[in-house]
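The values are calculated or read from the model by the stated rules, or taken from the named source; none is laboratory data. Predicted model only: the values in this text are computed from it and were never measured. For neighbour counting, all protein chains shown are included, and Cβ atoms are generated from backbone atoms with ideal geometry for every residue, glycine included.
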Amino acid sequence: MALVVHADSVFAEHLTPPEHPERPERVLAVLSGLQGSAHVARVLDATVGDLADVKRVHDPAYVDHVRGMAEAGGGSLDPDTWISSRSYEVAIRATGTICKAVDLALDASGRDPARRAFCVLRPPGHHARPAGGMGFCLFNNVAVAAARARLVHSLERVAIVDFDVHHGNGTQDAFWRDGSVFFASLHRDRFYPGTGKADETGEGRGKGATFNLPLPSSTTSASYREAFERTLEAVSEFNPQLLLVSAGFDAYRHDPVGGLGLAVEDYTWIGEQLRDLALARCDGRVVAALEGGYALDALPDLSAAFVNGLGA
């Protein structure tokens, strides 16, 4: 069974300064790798987001701040995170697109490819906290989708797996005290944004619903695969009804921003492991969203490898 790709040229309209690593060309590089793939059943355009979905995760004052900055022509939230005149509209479409992918996945029956999806989104989202963006991220796409799955589709258990080389601190913050969303991240230790220690496991009702596995910078492919299997074992024990994925390709060994020891073929294996977990626990329902990955020359192969595994 193949999968559905959600992508649109509008995601290239979020502009960043010249030479910024999170640049519009990333979307084009990913799509070039997926063109003609036998594992892509169809490609759907972006969907305008619902502010109610965004505001389940983000403080309304912060949402208004992003909109105001865009309407004023843009500027910087911090030294890494930029807003251009179209960024608010594009970011709202990113949240709407992944929410649409979740809606389709949950409504799909039989062997409908919509049960699996890869959303090629910009700006990325997993560093965006409820009250502020950072780390190239404005709104937290995956967190918004998880909240929609819980409150609109009435799911009791949603899991998020984040394999970006950077810890998804914004996603962790969003569900820190919410035991209905299990957040699992494996990432480079002592690296931006400085969160994601193994003893960060949640609080209150969310105690035990956060799983962090920091990895040393010397991590090899074999060691990473072992760590990934441990991570998915923890997710499997949660018995999720829907699997969401923050898919970052910056653990690739030649990534200029992150980098661990991963090769192209490791991303096929990662996709296969996530597919198998979704089949075992979620009736095959898995929705992934693009996060990091800044080696433009490698992104076509990395994204194609991941889709080949997830959609096989």
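When you look at TYR267, is it under 17 Å from the mean Cα position of the chain (by Cα), in contact (Cβ under 8 Å) with a residue 24 or more places away in the chain and part of a helix (DSSP H, G or I), yes or no? So TYR267 fits the description; yes. Comparison of PRO240, PRO214 shows that the only residue that is over 16 Å from ASP178 (Cα atoms) and either of a type in the set (Val, Ile, Thr) or surrounded by 13 or more Cβ atoms within 10 Å (Cβ to Cβ) (or both) is PRO214. Residue count for the range 226-235, restricted to those that are out of contact with any strand residue (DSSP E or B) (no Cβ under 9 Å at 6 or more places or on another chain) and touching a residue at least 12 places away in the same chain (Cβ under 8 Å): 1.
Filtering the range 148-181 to residues that are part of a helix (DSSP H, G or I) and either of a type in the set (S, T, N, Q) or surrounded by fewer than 24 Cβ atoms within 10 Å (Cβ to Cβ) (or both) leaves ARG150, LEU151, ASN169, THR171, GLN172, ASP173. Out of all the residues in the range 19-48, which are surrounded by 18 or more Cβ atoms within 10 Å (Cβ to Cβ) and either of a type in the set (Lys, Arg) or modelled with pLDDT under 95 (or both)? Of everything in the range 19-48, those that are surrounded by 18 or more Cβ atoms within 10 Å (Cβ to Cβ) and either of a type in the set (Lys, Arg) or modelled with pLDDT under 95 (or both) turn out to be ARG23, ARG26. Being buried (at least 24 other Cβ atoms within 10 Å of the Cβ) and hydroxyl-bearing (Ser, Thr, Tyr) is the filter here; which residues of the range 182-194 pass it? Passing the criteria: only SER185.
The set of residues in the range 51-60 that are surrounded by 17 or more Cβ atoms within 10 Å (Cβ to Cβ) and either out of contact with any helix residue (DSSP H, G or I) (no Cβ under 7 Å at 6 or more places or on another chain) or not in a helix (DSSP H, G or I) (or both) contains only HIS58.
Each row is one residue, and each column tells you yes or no for (1) within 24 Å of GLY179 (Cβ to Cβ); (2) in contact (Cβ under 8 Å) with a residue 12 or more places away in the chain; (3) surrounded by fewer than 22 Cβ atoms within 10 Å (Cβ to Cβ).
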position: ASP78; (1), (2), (3): no, yes, yes
position: CYS99; (1), (2), (3): yes, yes, no
position: GLY110; (1), (2), (3): no, no, yes
position: ASN141; (1), (2), (3): yes, yes, no
